Amino acid sequence: MSTPVLQLDNVTMRFGGVVALREAKISIAPGEIFALIGPNGAGKTTVFNVVTGVYQPTEGQVLFNGTRIDGTKRFKITKLGIARTFQNIRLFHNMSALENVMVGADAHHKTGAIGATLNLPWHRKEEKRGRELARELLDFVGIPGRMTETAKNLPYGDQRRLEIARALATDPKLLLLDEPAAGMNPAEKEALQALIRKIRDSGRTVLLIEHDMSLVMGVSDRVAVLDFGQLIAEGLPHEVQTNPRVIEAYLGVSEDAS
Amino acid sequence: MLDDFLNQFLPSTVGGLVFGSIYALVALGYTMVYGVLRLINFAHSEIFMIGTFTSLVVITAIAPASPLTGIALFGVMLLIIVLSAAVSGGAAILLELVAYRPLRRKGATRLTALISAIGASLFLQELFALVIIPWLTGKPGRNQQSSPRLVDRDTVFSIGNADVRTDHIIVVVAAVIMMIALDRLVNRTKIGRGIRATAQDPEAAVLMGVSIDNIVRVTFLLGGAMAGVAGALYLMEFENTVYNVGFVLGIKAFTAAVLGGIGNLRGALLGGIVLGLIENWGAIFLGSEWKDVIAFTVLVVVLMFRPTGILGESLQKARA
Amino acid sequence: MKGNGVTGNANPLRRVGALVDGARDWWEHAKAWQRYAVYLGAVVFALILPAPAIGTFMSPGSDWTTVLIYPIGTYILLAVGLNVVVGQAGLLDLGFVAFFAMGGYSVAYFGTEYGWNYWATAVMGIAMAAVSGVILGAPTLRLRGDYLAIVTLGFGEIVRITANNTDEIGGARGITNVPHPTDIPGVVDFGLLPAPYYYLIVIAIVLVIIFSVRLQKSRVGRAWAAIREDEDAAELMGVPTFKFKLLAFAIGAMIGGLAGGLHAGRAVFIEPNTFPFILSATILAAVVLGGAGNLPGVILGAFVIAWLPERFREVNWLKDLLGRDPAEYRILLFGGVLVLMMALRPEGLLPSRRRKAELHEGTGGMGTMGAEVTGPDTDVSTEAAK
């Protein structure tokens, strides 16, 4: 088996006395769509925060393509090739859609103050490339006509897509989607499912947190289930679906399994 | 050099405690308002200034022919302290009403609120310099205004080569009494509970039936009153004041608040004393003209290495 | 608390605002030639501004060109510099005058002690200001915004008091006989006449404006805007937030240093009291009054704040009424204006659209006040920022 894109090696995350994540072991292969499910408060977003460097794990290691990344600065992790979206949308609300995506594209740009003040050729070239990339990505996620619109004026579903476009602009090898279908209608969910596949087919790996089971079952290659910070099951979608522990976790604790 | 230091160590310590007590009293206002509103009440220094002028007016009106002693001194001190606390407390409430409440209603950013605070600070300083001080004293508003002597500079006792005088004792004792009173008020009474609850979680406090407006008003009143007391003690000790007396002292008191752990009442006392001592001891080596630089450097260093201060932030948890 | 309804209907500022919004809409949709026409008009305007015909109205009592250099031109330059820090990067700097002092003292010190060429000392001043900006910023820019403000204030005072206490640079007496800028033979002689200094400062302002606009439109400006709106999200999108904040600090400092160098070269004399806190506050008032983040607004703000006191100084009936120089009331007025502006129109008279929206939402770089106001979300919080 080739090196996993992402590997969580016995990661524990404690906040004071609260254990948000207990000895989690996750391994994601290149090109997979991997879903992380579980009741509210099970520690799913904690996984994202550990992977993207927002939290430093109390114990354990996070490996990205075989290199340790826990303890690395957040923007550096992004540059290495991990990008994410947020459960509660965190766009730059007062920037245009295009600018939002360009901020993502800037992650790999080099010109700083001098290049910009003197309007040097490579700066102009980067700007042009960034703008083109942003246009392509808005097209790719399916909101091509919205470039100059201020982000906060976009409909909810489009904001979610814009967040995905912004994350894609950093050219991630691994894309983390935090409840991308939340608040979407069935038609939008279907389009989202197609978009996630399209992202995978363009050579990226996807790690997905989602409550919508039909989406999870329809799109993921493998599924892991978290409950109270503990990984209780992992496998193919239909295996997980019939796992008694999973059913118990969902029925016993929460009603989020809809 | 070391000789100098040993020679001046004890006198500097006494001076540091006196300054530190005043810093601590002013720091209480910063710390309480920051705890509840997460706002640096930049104009708090002017509340202190108003306290010094209230005292000046009262002392001048009483105009003792010679320094007072015994019951007369006690009575006059009490009068000055109470009046200064009342005027400063009232001014603080007014300040909140005009400069902060409209912003609070709108959920303005802390940057906005701080700018408003700076505006209020400048406005009050200039209002005093241009209008109020000339009207009160009949002298040009930007001059130093000196007050008659209220307390004799008698040495009560000596430690080594340090003379501890009556006025030193009055400042420190008065400051400590005020601190203890405030601490009890905040920790033992209903209104104090309201303040602490609001500092911790304003929304929960509202749900528990606390009136935020009321709490904020009381917070400003208490902080302002403490600054008024500090103003009275300052005037009694240094016997002069000026329209911008609060500027540097205010930054130092804020430093004291941060040093002790902003939002933490006991921290303010500790921070004030520690800052007063550092400043005075440092001045032995560098000269007293460097005192302000020493204090500001302490501020920068504390914020860099331990922004939660010595005792940590306690009226509320450290939030961004 | 979101949304508008912020300014009451009877608010006269709102009507000004509507007018401004209209002008900005026109500008945003203006064609390239229209924009260049406006630029050209602005330059022509700047060139003929010192004309005596204008001066008799604008400044009847003192020499108009001199007033244009200081305070007006100098304030504009400082305000454009502070705008990079406050308006663009969203960092509140209350000690901006420290960089003005760095520039001024570099020109004065290296010019008088070592006899350096003026232009070399001016470059030195800019460099010193940039270095001190980085030295101040590196340890402090991780602080919460309001703490940063107080630290910068402390820094400004440290610089002033240090200058006051250091005899090597003149102590409280300051430095006299600072050399004028070196003449450029056949082009310009810098002597006692004000005109060359005026054009020098105009050139400086134009250059700084061009740089500032270019930065704003580049990756750098986008990063600043992203940091203002949501620092954590920006960092997670690959923006090295600390680096960009430091950059803003350094660029602002350089502009402050430039202004200081120009000032010292003309004024011939500087002392610690040339650089009081009140000047930092005044420039901040200019930026805020005009509209932080929006250059035309900032320039207008600086102009108004520099010019009005000079103008009112000459109004005789006002002088009689007040019994003293009306200009003495300027700081009282600035203070009151700051309080009023924050309550009624925190985005300033000529705001940038984005800043306006941010301020009304309670974002804009710093989170909201406590009590009654919830922060948007605190899940990705500061302790993670290590």
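No value in this document is a laboratory result; all are computed from the given coordinates. As the structure is a computational prediction, the values presented were derived from the model and not from experiment. A quick note on method: Cβ atoms are made from the backbone with ideal geometry, for glycine too, and the neighbour counts reach across all protein chains shown.
Miscellaneous remarks
- Gap separating the Cα centres of segment B:165-188 and segment B:3-32, nearest whole Å: 15 Å
- Of C:L78, C:L349, C:L49, the one that fluctuates the most in a GNM where chain C has Cα springs shorter than 10 Å: C:L49
- Against the main long axis of the alpha-carbon atoms of chain B, helix B:2-37 sits at an angle near 30°.
- Qualifying chymotrypsin sites (Phe, Trp or Tyr not before Pro) for segment B:125-204 [loop in DSSP, other Cβ within 10 Å: at most 15]: none
- Note that segment C:298-311 has calculated 3J(HN,Hα) couplings of 4, 5, 4, x, 5, 4, 4, 5, 7, 8, 3, x, 4, 5 Hz, one per residue in order, obtained from phi through the Karplus relation 6.51 cos²θ - 1.76 cosθ + 1.60 (θ = phi - 60°); glycine and proline are x.
- In sequence order, calculated HN-Hα J values of segment C:166-180 (Karplus, 6.51, -1.76, 1.60; Hz; x Gly/Pro): 9, 5, 3, 10, x, x, 5, 6, x, 10, 10, 6, 5, x, 5
- Interchain or long-range residues, amide H under 5 Å from B:R165's placed H: B:V156
- Rounded FRET efficiency, nearest 0.05, which uses the C-beta distance separating B:F5 from A:K173 and R0 of 56 Å: 0.35
- Each Cα pair under 8 Å and six or more residues apart adds its sequence gap; the mean of these over the residue count of segment C:60-277 is a relative contact order of 43 percent.
- Mean residue ellipticity at 222 nm, helices only, the protein assembly as shown: -19500 deg cm²/dmol; runs of at least 4 DSSP H residues each add -39,500 (n - 2.57), and the sum is divided by the number of residues.
- Sorting the segments C:333-339, A:73-79, B:120-126 by their residues' average number of neighbouring beta-carbon atoms within 10 angstrom, most packed first, yields B:120-126, C:333-339, A:73-79.
- In a reduced charge model with +1 at each Lys and Arg Cβ and -1 at each Asp and Glu Cβ, chain C shows a dipole moment near 840 debye about its Cα centre.
- A dipole drawn for chain C from +1 and -1 charges on Cβ atoms has a positive end, and of C:T274, C:Y70, C:M342 the residue lying farthest that way is C:M342.
- FRET efficiency, 1/(1 + (r/R0)^6) with R0 45 Å, evaluated for C:F57 and C:E113 via beta carbons: 0.55
- Between segment C:268-322 and segment A:80-152, the alpha-carbon center distance in angstrom: 38 Å
- The angle separating the long axis of helix B:190-200 from the principal Cα axis of greatest extent in chain B is about 70 degrees.
- Each DSSP beta bridge with both residues in the protein assembly as shown is either parallel or antiparallel, and the antiparallel ones are about 65%.
- Length-normalised contact order for chain C - Cα pairs under 8 Å, 6+ apart - percent: 27 percent
- Each of A:L118 and A:K152 was given a label point 7 Å from its Cα along the Cα-to-Cβ line. The distance between the two points is 3.9 nm.
- Relative to the longest principal axis of the Cα atoms of chain B, the long axis of helix B:265-286 makes an angle of roughly 40 degrees.
- The charge dipole of segment C:60-277, taken about the Cα centre with unit charges on the Cβ atoms of Lys, Arg (+1) and Asp, Glu (-1), comes to about 500 debye, rounded to the nearest 20.
- For A:A233, nonlocal amide neighbours, meaning residues 5 or more places apart or on other chains whose placed amide H falls under 5 Å from its own, are A:V225.
- Relative contact order, percent, segment A:91-171 [alpha-carbon distance under 8 Å, six or more residues apart]: 51 percent
- Neighbouring Cβ atoms from other chains, within 10 Å of the Cβ of residues in A:85-98, number 5 on average.
- Here the simple spin-label model places points 7 Å from the Cα toward Cβ, and for C:H29 and C:V131 these points are separated by 5.2 nm.
- Signed unit charges on C-beta, dipole axis of chain A, positive-most listed residue A:L138, A:A35, A:A105: A:A105
- Per-residue Cβ neighbour rank within 10 angstrom, fewest leading, A:R197, B:R184, C:R313, B:R110: B:R184, A:R197, C:R313, B:R110
- Karplus-derived 3J(HN,Hα), 6.51/-1.76/1.60, for each residue of segment A:67-82, Hz, glycine and proline x: 9, 5, 10, 5, x, 7, 5, 4, 5, 6, 4, 4, 5, 5, x, 10
- Amide H contacts under 5 Å for A:T12, placed H, 5+ residues apart: A:E23, A:A24, A:T58, A:E59, A:G60
- About its Cα centre, the dipole of segment A:91-171 is roughly 100 debye, where the only charges are +1 on Lys and Arg Cβ and -1 on Asp and Glu Cβ.
- Judged by the ratio a/c of the largest to the smallest principal axis of the C-alpha gyration tensor, the protein assembly as shown counts as oblate, that ratio being 1.5 or greater while a/b is no larger than b/c.
- Between A:G218, A:G104, A:G142, the residue with the greatest mean-square fluctuation in the GNM of chain A (Cα pairs under 10 Å linked by springs) is A:G218.
- Choice from B:S288, B:S88, B:S116 showing the highest fluctuation, given a GNM over chain B with Cα pairs closer than 10 Å: B:S288
- Cβ-based charge dipole, the protein assembly as shown, positive-most Cα from A:L236, B:L259, A:A194: A:A194
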